Amino acid sequence: MDSLTQIVLGASVAAVVVRAAHRRRALAVGAALATLPDLDVLPLALIDDPVAVMTWHRSFSHSLLVLIPFGWLLWRLLRTRWTPVRRAPRAWLWAIQLALVTHPLLDAFTVYGTQLLWPLMPPPTMWSSVFIIDPAYTLWLLLGVVAAAFLGARRAAQRFVVAGLVLSTAYLGWSLIAKWQIERVADASLAALGLQDAPRFSVPSPLNTLLWRVVAMTPDGFVEGEYSLVADNGRPMRFRRYLSDTAALAAASKVPTVERLRWFNHGFMKATVDDDRLVLSDLRMGEEPDYSFTFVVAERRDGAWQAIPPEQRVWTVRAGDRLPLLWQRIWNPAVD
């Protein structure tokens, strides 16, 4: 999720478990700790490999196996040096741990993928029920944090923080229900196409959980469809077919960068060959034909694919141009 959302979530969970007298301190500490996991972008910025940067983000700094011991060590240190922690050690242990671990857990609700168990190597977790920025989730937390910062130790501050957490968590719950509804429709529509066993994913469109996109892989490419819970209710989902150079992808499957991307994106990628160079696009972010992450990863020499230093192609789409179209699609069914 975006930085503001992580800051207000960390501030909220820390403030809700400490003494009223410590509330403003907890807001600041929780906000700071919730920012720490995303500081992995600083060392990654020194790496001249866009695939490594993408696939190492949300790894070591987002691992529960790293953050929980780190939180405990930090708590032990603060217990010897900071009076509030000495006076209420158990509450501050909870505040520190919650501010740290809620960050990667919330990130796992997006489609990008979060390596919750690094250095173990299961594919990154991607529950993909909310977009990376969603005001309907963030707003309640922000209001609660602002109110608590002004009210300080007063009892009403606790009520605002709790209300913000309850409403934002309820929205996450709604996102999972919406995803379940979308996948039921997608399952039926894909079965009608003979794709009942096809690997697939669903993801909400930017800034909302009413309009969803579903992609399913096929032997020669993939199908893509969108569905509005408002405008398309009761209708089947319509899919468009697209080709991918699956033969080239299979031939280059042993190229390390290809293997890394397949692990990271669960195999949801499109392959094209451009002037004897293999180009891979992550199907999870963007939509046909424009994707946020597209990389040139291999070159064909003497009939075989050879690894090359990965190159990332610039994403030229302006998000602001698409938002009005998304808004209209939420309220209107697709036009044949």
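The values are calculated or read from the model by the stated rules, or taken from the named source; none is laboratory data. As the structure is a prediction and not an experimental result, all values here were calculated from the model. No Cβ is skipped: glycine too gets one built from the backbone with ideal geometry, and neighbour counts run over all protein chains shown.
Among the residues of region 90-100, is any among the aromatic types (Phe, Trp, Tyr) and either outside any helix (DSSP H, G or I) or free of Cβ contacts under 8 Å to residues at least 40 places away in the same chain (or both)? Spell out how you get there, then give the answer.
As a first pass, look at region 90-100 and keep what is among the aromatic types (Phe, Trp, Tyr): 92, 94.
Those left that are additionally either outside any helix (DSSP H, G or I) or free of Cβ contacts under 8 Å to residues at least 40 places away in the same chain (or both): none.
No, region 90-100 has no match at all.
May I ask you to list the residues in region 67-87 that are surrounded by 17 or more Cβ atoms within 10 Å (Cβ to Cβ) and either of a type outside the set (Phe, Trp, Tyr) or closer than 19 Å to Gly113 by Cα (or both)?
Of everything in region 67-87, those that are surrounded by 17 or more Cβ atoms within 10 Å (Cβ to Cβ) and either of a type outside the set (Phe, Trp, Tyr) or closer than 19 Å to Gly113 by Cα (or both) turn out to be Leu67, Gly71, Leu74, Leu78, Pro84, Val85.
Within the group Asp49, Asp107, Asp40, which residue is in contact with a strand residue (DSSP E or B) (Cβ under 9 Å, 6 or more places away or on another chain), at pLDDT 95 or above, of a type in the set (Asp, Glu) and surrounded by fewer than 21 Cβ atoms within 10 Å (Cβ to Cβ)?
Only one candidate qualifies: Asp49.
Only residues that are at pLDDT 95 or above and in a loop (DSSP other than H, G, I, E, B): list them for region 286-308, please.
The one that is at pLDDT 95 or above and in a loop (DSSP other than H, G, I, E, B): Phe293.
Residues that are surrounded by 20 or more Cβ atoms within 10 Å (Cβ to Cβ): list the strands (runs of 3 or more DSSP E) wholly contained in region 169-274 that include at least 1 such residues.
Of the strands (runs of 3 or more DSSP E) lying wholly inside region 169-274, those with at least 1 residues that are surrounded by 20 or more Cβ atoms within 10 Å (Cβ to Cβ) span 200-204, 211-218, 221-228, 269-274.
Yes or no: Met269 touching a Phe, Trp or Tyr at 6+ places or on another chain (Cβ under 6 Å), outside the structural domain of Trp118 (by TED's automatic domain parsing) and either within 18 Å of Ala52 (Cβ to Cβ) or not basic (Lys, Arg) (or both)?
Against the criterion (touching a Phe, Trp or Tyr at 6+ places or on another chain (Cβ under 6 Å), outside the structural domain of Trp118 (by TED's automatic domain parsing) and either within 18 Å of Ala52 (Cβ to Cβ) or not basic (Lys, Arg) (or both)), Met269 does not qualify.
With respect to Leu64, determine if the residue is surrounded by fewer than 16 Cβ atoms within 10 Å (Cβ to Cβ), at pLDDT 95 or above and of a type outside the set (Ser, Thr, Tyr).
No; evaluated as a whole, the condition is false for this residue.
Filter region 297-316 for residues that are surrounded by 14 or more Cβ atoms within 10 Å (Cβ to Cβ) and either free of Cβ contacts under 8 Å to residues at least 12 places away in the same chain or within 31 Å of the chain's Cα centre (by Cα) (or both) and give the result.
Val297, Ala298, Glu299, Ala307, Ile308, Pro310, Glu311, Gln312, Arg313, Trp315
For the subset of region 131-152 comprising residues that are buried (at least 20 other Cβ atoms within 10 Å of the Cβ) and either more than 17 Å from Gly10 (Cβ to Cβ) or among the charged types (D, E, K, R) (or both), which member is farthest from the chain's Cα centre (by Cα)?
Asp134
Among Arg24, Arg86, Arg90, which is among the charged types (D, E, K, R), under 17 Å from Val8 (Cα atoms), in the same structural domain as Pro122 (by TED's automatic domain parsing) and over 23 Å from the mean Cα position of the chain (by Cα)?
Among Arg24, Arg86, Arg90, only Arg24 is among the charged types (D, E, K, R), under 17 Å from Val8 (Cα atoms), in the same structural domain as Pro122 (by TED's automatic domain parsing) and over 23 Å from the mean Cα position of the chain (by Cα).
Looking at region 25-52 only, could you name the residues that are in a helix (DSSP H, G or I) and either small (Gly, Ala, Ser) or more than 22 Å from Gln115 (Cβ to Cβ) (or both)? Step through it out loud before you land on a result.
Of all residues in region 25-52, those in a helix (DSSP H, G or I) come to 25-44, 50-52.
Within region 25-52, Arg25, Ala26, Leu27, Ala28, Val29, Gly30, Ala31, Ala32, Ala34, Ala52 meet the criteria.
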